[in-house]
Amino acid sequence: MIVYVNGRYVHEEQAKVSVFDRGFLFADAVYEVTAIINGKLVDFERHIVRLQRSCHELQLALPYSIDEIKQIHRQLIERNNINEGLIYLQVTRGNAKQRDFLFPDKDVQPTLVMFAQKTNIIDNPKVQNGIKAVTVEDIRWARCDIKSVALLAASLAKEYAKQQGADDAIFVKGDIVTEGSSSNCFIINRHNQLQTRELDHEILPGITRKAVLSLAKEQGISIIEKAFSLEEMLMAKEVFITSATTLVCPVININNKVIGEGKPGKNAIRLREIYLENIK
Ligand code: PMP
(Lines give C-alpha, C1' and ligand atoms only; values in the text may rest on other atoms or scores of the structure.)
Protein backbone atom coordinates (compact mmCIF):
# COMPACT_ATOMS: atom_id res chain seq x y z
CA MET A 1 0.00 0.00 0.00
CA ILE A 2 1.05 3.55 -0.71
CA VAL A 3 0.40 5.78 2.29
CA TYR A 4 0.61 9.52 2.85
CA VAL A 5 2.80 11.02 5.58
CA ASN A 6 3.39 14.77 5.92
CA GLY A 7 3.39 15.70 2.26
CA ARG A 8 4.86 12.48 0.84
CA TYR A 9 3.42 9.35 -0.72
CA VAL A 10 5.54 6.40 0.37
CA HIS A 11 5.35 2.63 0.58
CA GLU A 12 3.83 1.62 3.94
CA GLU A 13 7.16 0.17 5.10
CA GLN A 14 8.92 3.47 4.51
CA ALA A 15 6.31 5.51 6.39
CA LYS A 16 7.70 6.89 9.65
CA VAL A 17 6.48 9.05 12.54
CA SER A 18 8.68 10.20 15.44
CA VAL A 19 8.58 8.51 18.87
CA PHE A 20 8.05 12.07 20.18
CA ASP A 21 4.91 12.51 18.11
CA ARG A 22 2.12 13.69 20.42
CA GLY A 23 -0.32 11.30 18.80
CA PHE A 24 1.86 8.42 20.02
CA LEU A 25 2.67 9.85 23.49
CA PHE A 26 -0.61 11.53 24.48
CA ALA A 27 -3.25 10.38 21.96
CA ASP A 28 -3.17 14.10 21.11
CA ALA A 29 -4.74 13.44 17.74
CA VAL A 30 -8.03 13.20 15.91
CA TYR A 31 -9.09 11.03 12.99
CA GLU A 32 -11.70 10.36 10.34
CA VAL A 33 -12.70 7.26 8.41
CA THR A 34 -14.41 7.85 5.08
CA ALA A 35 -15.95 5.01 3.09
CA ILE A 36 -15.16 4.46 -0.59
CA ILE A 37 -17.84 2.88 -2.75
CA ASN A 38 -17.34 2.42 -6.49
CA GLY A 39 -14.06 4.30 -6.19
CA LYS A 40 -15.84 7.37 -4.80
CA LEU A 41 -15.74 9.00 -1.36
CA VAL A 42 -18.98 8.81 0.63
CA ASP A 43 -20.12 11.98 2.47
CA PHE A 44 -16.61 13.47 2.26
CA GLU A 45 -17.64 17.06 3.07
CA ARG A 46 -19.42 16.05 6.25
CA HIS A 47 -16.36 14.11 7.43
CA ILE A 48 -14.13 17.12 6.86
CA VAL A 49 -16.50 19.45 8.69
CA ARG A 50 -16.40 17.04 11.66
CA LEU A 51 -12.58 16.86 11.42
CA GLN A 52 -12.40 20.66 11.55
CA ARG A 53 -14.65 20.66 14.60
CA SER A 54 -12.55 17.99 16.37
CA CYS A 55 -9.39 20.03 15.65
CA HIS A 56 -11.06 23.20 16.90
CA GLU A 57 -12.07 21.53 20.18
CA LEU A 58 -8.41 20.54 20.75
CA GLN A 59 -7.06 23.97 19.64
CA LEU A 60 -5.22 22.15 16.89
CA ALA A 61 -4.72 24.26 13.74
CA LEU A 62 -5.15 22.14 10.63
CA PRO A 63 -2.53 23.38 8.13
CA TYR A 64 -4.30 21.96 5.05
CA SER A 65 -7.26 23.21 3.06
CA ILE A 66 -10.30 21.02 2.43
CA ASP A 67 -9.27 20.87 -1.20
CA GLU A 68 -5.77 19.63 -0.38
CA ILE A 69 -7.19 16.93 1.90
CA LYS A 70 -9.63 15.88 -0.80
CA GLN A 71 -6.82 15.61 -3.36
CA ILE A 72 -4.83 13.34 -1.01
CA HIS A 73 -7.90 11.12 -0.55
CA ARG A 74 -8.28 10.88 -4.32
CA GLN A 75 -4.59 10.14 -4.82
CA LEU A 76 -4.73 7.30 -2.30
CA ILE A 77 -7.77 5.79 -4.00
CA GLU A 78 -6.01 5.98 -7.36
CA ARG A 79 -2.51 4.89 -6.29
CA ASN A 80 -3.89 1.90 -4.34
CA ASN A 81 -6.57 1.08 -6.88
CA ILE A 82 -9.41 1.04 -4.34
CA ASN A 83 -12.92 0.34 -5.55
CA GLU A 84 -14.47 -0.40 -2.16
CA GLY A 85 -12.94 0.30 1.23
CA LEU A 86 -12.00 3.24 3.37
CA ILE A 87 -9.55 6.06 3.85
CA TYR A 88 -8.20 6.60 7.36
CA LEU A 89 -6.95 10.09 8.20
CA GLN A 90 -5.15 11.10 11.38
CA VAL A 91 -3.91 14.54 12.43
CA THR A 92 -1.72 14.84 15.52
CA ARG A 93 -0.29 17.89 17.25
CA GLY A 94 3.04 16.85 15.79
CA ASN A 95 6.55 15.96 16.88
CA ALA A 96 7.34 18.07 19.96
CA LYS A 97 10.92 16.63 20.07
CA GLN A 98 10.45 15.77 23.76
CA ARG A 99 7.76 14.51 26.14
CA ASP A 100 5.97 17.44 27.71
CA PHE A 101 2.27 17.61 28.56
CA LEU A 102 2.01 21.27 27.56
CA PHE A 103 1.38 22.09 23.91
CA PRO A 104 4.58 22.64 21.90
CA ASP A 105 5.50 25.98 20.30
CA LYS A 106 3.41 27.18 17.41
CA ASP A 107 6.19 26.33 14.92
CA VAL A 108 5.69 22.58 15.51
CA GLN A 109 3.77 21.33 12.48
CA PRO A 110 0.89 18.88 12.97
CA THR A 111 1.47 15.38 11.58
CA LEU A 112 -0.93 14.27 8.85
CA VAL A 113 -1.07 10.56 8.07
CA MET A 114 -3.51 8.93 5.67
CA PHE A 115 -3.88 5.42 4.33
CA ALA A 116 -6.39 3.32 2.46
CA GLN A 117 -7.81 -0.08 3.29
CA LYS A 118 -9.77 -2.43 1.01
CA THR A 119 -12.90 -3.83 2.71
CA ASN A 120 -16.28 -5.16 1.67
CA ILE A 121 -18.89 -2.60 2.55
CA ILE A 122 -21.83 -3.61 0.37
CA ASP A 123 -21.49 -7.41 0.40
CA ASN A 124 -20.69 -8.01 4.03
CA PRO A 125 -22.47 -11.21 5.20
CA LYS A 126 -22.11 -10.31 8.88
CA VAL A 127 -23.87 -7.03 8.32
CA GLN A 128 -26.45 -8.48 5.94
CA ASN A 129 -27.44 -11.28 8.34
CA GLY A 130 -27.38 -9.15 11.47
CA ILE A 131 -24.88 -9.20 14.31
CA LYS A 132 -24.78 -10.35 17.89
CA ALA A 133 -23.79 -7.74 20.50
CA VAL A 134 -23.05 -7.52 24.20
CA THR A 135 -23.35 -4.43 26.37
CA VAL A 136 -20.32 -3.02 28.19
CA GLU A 137 -20.09 -0.22 30.75
CA ASP A 138 -19.02 2.97 28.97
CA ILE A 139 -15.74 3.91 30.67
CA ARG A 140 -14.66 6.41 27.99
CA TRP A 141 -13.80 10.04 28.72
CA ALA A 142 -16.33 12.88 28.96
CA ARG A 143 -15.84 14.27 25.40
CA CYS A 144 -16.87 11.39 23.16
CA ASP A 145 -18.17 13.98 20.68
CA ILE A 146 -14.54 14.62 19.68
CA LYS A 147 -13.22 11.97 17.28
CA SER A 148 -10.02 11.42 19.24
CA VAL A 149 -7.66 8.50 18.62
CA ALA A 150 -7.85 7.55 22.33
CA LEU A 151 -9.70 4.34 21.49
CA LEU A 152 -8.50 1.99 24.23
CA ALA A 153 -11.93 1.68 25.89
CA ALA A 154 -13.48 0.82 22.50
CA SER A 155 -10.73 -1.69 21.80
CA LEU A 156 -11.23 -3.36 25.23
CA ALA A 157 -14.99 -3.45 24.64
CA LYS A 158 -14.62 -5.10 21.21
CA GLU A 159 -12.16 -7.61 22.60
CA TYR A 160 -14.58 -8.41 25.46
CA ALA A 161 -17.39 -8.89 22.91
CA LYS A 162 -15.23 -11.31 20.93
CA GLN A 163 -14.37 -13.30 24.06
CA GLN A 164 -18.11 -13.57 24.77
CA GLY A 165 -18.71 -14.95 21.28
CA ALA A 166 -20.35 -11.71 20.09
CA ASP A 167 -19.55 -9.53 17.07
CA ASP A 168 -19.54 -6.11 18.72
CA ALA A 169 -20.12 -4.19 21.94
CA ILE A 170 -22.70 -1.53 22.76
CA PHE A 171 -21.80 0.96 25.50
CA VAL A 172 -24.16 1.63 28.41
CA LYS A 173 -23.80 4.18 31.22
CA GLY A 174 -25.68 2.69 34.12
CA ASP A 175 -29.06 1.84 32.57
CA ILE A 176 -28.74 4.13 29.58
CA VAL A 177 -27.37 3.19 26.16
CA THR A 178 -24.79 5.63 24.82
CA GLU A 179 -23.64 4.20 21.46
CA GLY A 180 -21.92 1.28 19.77
CA SER A 181 -18.18 0.73 20.35
CA SER A 182 -17.57 2.29 16.92
CA SER A 183 -21.07 3.20 15.80
CA ASN A 184 -24.29 4.99 16.73
CA CYS A 185 -27.21 2.95 18.00
CA PHE A 186 -30.85 3.06 16.83
CA ILE A 187 -33.99 1.22 17.88
CA ILE A 188 -37.52 0.90 16.58
CA ASN A 189 -39.37 1.46 19.83
CA ARG A 190 -42.75 0.14 20.93
CA HIS A 191 -44.47 3.17 19.36
CA ASN A 192 -42.86 2.24 16.01
CA GLN A 193 -40.67 5.31 16.17
CA LEU A 194 -37.06 5.34 15.01
CA GLN A 195 -35.22 6.32 18.18
CA THR A 196 -31.58 7.32 18.67
CA ARG A 197 -29.82 9.18 21.42
CA GLU A 198 -29.72 12.97 21.13
CA LEU A 199 -26.32 14.53 20.36
CA ASP A 200 -24.31 15.56 23.41
CA HIS A 201 -20.78 15.08 24.75
CA GLU A 202 -21.43 11.38 25.43
CA ILE A 203 -21.56 10.23 21.80
CA LEU A 204 -19.90 10.88 18.46
CA PRO A 205 -22.05 12.83 15.99
CA GLY A 206 -21.95 10.08 13.36
CA ILE A 207 -22.03 11.05 9.71
CA THR A 208 -24.04 7.90 8.92
CA ARG A 209 -26.39 8.69 11.84
CA LYS A 210 -27.13 12.07 10.27
CA ALA A 211 -27.62 10.62 6.78
CA VAL A 212 -29.92 7.85 8.06
CA LEU A 213 -32.02 10.32 10.07
CA SER A 214 -32.56 12.52 7.05
CA LEU A 215 -33.41 9.55 4.80
CA ALA A 216 -35.83 8.21 7.43
CA LYS A 217 -37.47 11.63 7.58
CA GLU A 218 -37.89 11.67 3.79
CA GLN A 219 -39.52 8.24 4.07
CA GLY A 220 -42.05 9.57 6.55
CA ILE A 221 -40.71 7.43 9.39
CA SER A 222 -41.44 8.95 12.79
CA ILE A 223 -38.19 9.92 14.55
CA ILE A 224 -37.28 10.67 18.13
CA GLU A 225 -33.81 11.78 19.24
CA LYS A 226 -33.83 10.76 22.89
CA ALA A 227 -31.66 8.43 24.97
CA PHE A 228 -33.12 4.99 25.68
CA SER A 229 -32.43 2.43 28.38
CA LEU A 230 -30.88 -1.01 28.08
CA GLU A 231 -34.31 -2.44 28.91
CA GLU A 232 -35.95 -0.43 26.08
CA MET A 233 -33.27 -1.64 23.67
CA LEU A 234 -33.75 -5.29 24.66
CA MET A 235 -37.53 -4.92 24.21
CA ALA A 236 -37.24 -2.98 20.94
CA LYS A 237 -38.80 -4.23 17.70
CA GLU A 238 -35.51 -3.61 15.92
CA VAL A 239 -32.00 -2.53 16.83
CA PHE A 240 -29.35 -1.41 14.38
CA ILE A 241 -26.03 0.42 14.46
CA THR A 242 -24.64 2.87 11.94
CA SER A 243 -21.10 3.76 10.88
CA ALA A 244 -19.25 4.78 7.74
CA THR A 245 -17.94 1.28 7.07
CA THR A 246 -20.96 -0.82 8.09
CA LEU A 247 -23.61 1.71 6.94
CA VAL A 248 -26.77 0.32 8.58
CA CYS A 249 -26.05 -2.91 10.46
CA PRO A 250 -28.91 -4.86 12.11
CA VAL A 251 -28.37 -6.21 15.63
CA ILE A 252 -30.37 -9.40 16.16
CA ASN A 253 -29.15 -10.56 19.56
CA ILE A 254 -27.97 -8.57 22.60
CA ASN A 255 -26.62 -10.17 25.80
CA ASN A 256 -27.90 -13.51 24.47
CA LYS A 257 -31.42 -12.16 24.18
CA VAL A 258 -33.11 -12.31 20.77
CA ILE A 259 -34.12 -8.88 19.45
CA GLY A 260 -37.47 -8.64 17.66
CA GLU A 261 -37.84 -11.67 15.42
CA GLY A 262 -34.16 -12.56 15.63
CA LYS A 263 -33.47 -11.46 12.06
CA PRO A 264 -32.70 -8.10 10.38
CA GLY A 265 -35.71 -5.84 10.80
CA LYS A 266 -37.61 -4.35 7.87
CA ASN A 267 -36.70 -0.76 8.75
CA ALA A 268 -33.00 -1.57 9.00
CA ILE A 269 -33.08 -3.40 5.66
CA ARG A 270 -35.01 -0.58 3.99
CA LEU A 271 -32.80 2.19 5.36
CA ARG A 272 -29.67 0.29 4.34
CA GLU A 273 -31.03 -0.14 0.80
CA ILE A 274 -32.08 3.49 0.48
CA TYR A 275 -28.75 4.73 1.85
CA LEU A 276 -26.86 2.54 -0.63
CA GLU A 277 -29.01 3.74 -3.54
CA ASN A 278 -28.39 7.31 -2.44
CA ILE A 279 -24.62 6.78 -2.29
CA LYS A 280 -24.54 5.16 -5.71
N1 PMP B 1 -19.56 6.41 17.40
C2 PMP B 1 -18.30 6.00 17.54
C3 PMP B 1 -17.74 5.86 18.92
C4 PMP B 1 -17.50 5.71 16.42
O5 PMP B 1 -16.23 5.31 16.58
C6 PMP B 1 -18.08 5.82 15.13
C7 PMP B 1 -17.29 5.46 13.91
N8 PMP B 1 -16.16 6.20 13.77
C9 PMP B 1 -19.41 6.24 15.02
C10 PMP B 1 -20.12 6.54 16.18
C11 PMP B 1 -20.08 6.38 13.69
O12 PMP B 1 -19.64 7.52 13.00
P13 PMP B 1 -19.68 7.57 11.42
O14 PMP B 1 -21.07 7.27 11.01
O15 PMP B 1 -19.29 8.97 11.12
O16 PMP B 1 -18.70 6.56 10.94
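The values are calculated or read from the model by the stated rules, or taken from the named source; none is laboratory data. These numbers were taken from a predicted model, which means no experiment stands behind them. FYI the Cβ positions are ideal-geometry reconstructions off the backbone, even for glycines, and counts take in every protein chain you see. Just the protein is used for accessible areas: all its heavy atoms, side chains included, with ligands, DNA and RNA removed. Shrake-Rupley method; radii C 1.70, N 1.55, O 1.52, S 1.80 Å.
Here are a few things to note about the model shown:
- Dipole axis of the chain (+1 Lys, Arg; -1 Asp, Glu on Cβ), positive-most option in P125, T245, S65: P125
- Relative contact order (percent, whole number), the range 19-123, Cα cutoff 8 Å, 6+ residue spacing: 37
- Taking the C-alpha atoms of the range 1-42, convex hull volume expressed per residue in Å³: 98
- Solvent-accessible area per residue for the range 169-280 (1.4 angstrom probe, square angstrom): 44
- Three-way shape label, the range 111-239, alpha-carbon gyration tensor, a/c 1.5: rounded
- Given +1 at the Cβ of Lys and Arg, -1 at the Cβ of Asp and Glu and no other charges, the dipole of the range 74-194 around its Cα centre is 180 debye to the nearest 20.
- Of A96, A244, A157, the one that fluctuates the most in a GNM where the chain has Cα springs shorter than 10 Å: A96
- GluC sites (Glu not before Pro) lying in DSSP loop within the range 176-242, provided at most 14 other Cβ fall within 10 Å: E198
- Three-way shape call for the range 132-203 based on the alpha-carbon gyration tensor, with the a/c threshold at 1.5: oblate
- Its Cα centre serving as origin, the chain has a Cβ charge dipole (Lys and Arg +1, Asp and Glu -1) of approximately 320 debye.
- Residue-normalised accessible area of the range 58-152, given per residue in Å² at a 1.4 Å probe: 56
- Annotation: lysines with alpha-carbon distance below 24 angstrom to K16 (same-chain offsets under eight excluded): K70, K97, K106, K118, K147.
- Accessible-area composition of the range 1-103, carbon plus sulfur, in percent [1.4 Å probe]: 50
- For K162, the lysines whose Cα comes closer than 21 Å to its Cα, not counting residues fewer than 8 places off in the same chain, are K126, K132, K173, K257, K263.
- Sites listed here are trypsin sites (Lys or Arg not before Pro) in the range 20-116 whose DSSP assignment is loop and whose Cβ has at most 14 other Cβ atoms within 10 Å: K97, R99, K106.
- The chain shape via C-alpha gyration tensor axes, a/c threshold 1.5: prolate
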